[in-house]
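The values are calculated or read from the model by the stated rules, or taken from the named source; none is laboratory data. No experiment lies behind these values; they were computed from the predicted model shown. Heads up, the Cβs are rebuilt from the backbone with ideal geometry, glycines too, and the neighbour counts pull from every protein chain shown.
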Amino acid sequence: MIPVGTLREARNRPYLTYGLIALNTLVFLYTVFISDDQLRNVFLTFGTVPLRVTQNPLSPDAWLSLFTSMFLHGGLLHYIGNMTYLWAFGPNVEDHFGKRFFLASYFLGGLAATFAQIAINTMSPIPMIGASGAIAGVMGCYLLLYPGVKVRVYIPLFRIFGFSTNVAALFVLGFWFVLQLFIGALSLGAPAAVGGGVAFFAHIGGFVAGLLLTFIHMARIPPPRVSALGD
């Protein structure tokens, strides 16, 4: 079930969402055209290495990598998947939060995601990369702000065939979160192949951070009223 958009249009142009997608795209294109050795060095330098963070917590390079890692992706599918989710859920959240709180929540979600994964793999020497933790934070925000809005999802069948339908955000995002919890729990203490290289606890941490940030925001500004059809 792949979200590709929602039935609720943003009232204002989501320039920050577009900007984040553009910046991720530029970085991804750069990594496409460098050699494998250069790419490995980029990941090691600008990705977040849990072992480096825990052994040198005051290192400026370690802290900088917490942010730079959010703009690196390990391949085309990794990049497309993350940007598709950001394209689907970012505009409405940015529209409601405003530019500053949206950008703050994006990076705070990404930081929470990174620390959640580090807590699970404290001594890992493998760089953590990707925007999925930050985007999971946006998804957590969306769940509380627009639970009844219909999300356009594509459901693939037999690899090349599939169909699209509209499903309430509460179900789409709730199902996604439960799936992260389930597979994340299975991956604990299991061989690395079980997780498939996916940082499930980063997704969980980012999503929970998004929920908490939205609760904070809702204490000042109530969530938008949405019709039963999600318009």
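List of remarks:
- The condition of being modelled with pLDDT of 95 or more and either surrounded by fewer than 21 Cβ atoms within 10 Å (Cβ to Cβ) or in contact with a strand residue (DSSP E or B) (Cβ under 7 Å, 6 or more places away or on another chain) (or both) holds for only one of ALA104, ALA134, ALA119, ALA113, that being ALA104.
- Scanning the range 175-198 for residues that are at pLDDT 85 or above and within 17 Å of the chain's Cα centre (by Cα) returns PHE175, TRP176, PHE177, VAL178, LEU179, GLN180, LEU181, ILE183, GLY184.
- Residue check, TYR30 over 20 Å from the mean Cα position of the chain (by Cα) and surrounded by 13 or more Cβ atoms within 10 Å (Cβ to Cβ): yes
- When THR6, THR45 are checked against the criterion of being surrounded by 13 or more Cβ atoms within 10 Å (Cβ to Cβ), of a type in the set (S, T, N, Q) and touching a strand residue (DSSP E or B) at 6+ places or on another chain (Cβ under 7 Å), a single residue qualifies: THR6.
- Among the residues of the range 48-74, those identified as within 27 Å of VAL32 (Cβ to Cβ) and exposed (fewer than 15 other Cβ atoms within 10 Å of the Cβ) are ASP61, LEU64.
- Hits in the range 20-73 (condition: among the aromatic types (Phe, Trp, Tyr), within 24 Å of VAL138 (Cα to Cα) and without any contact (Cβ under 8 Å) to a residue 12 or more places away in the chain): TRP63
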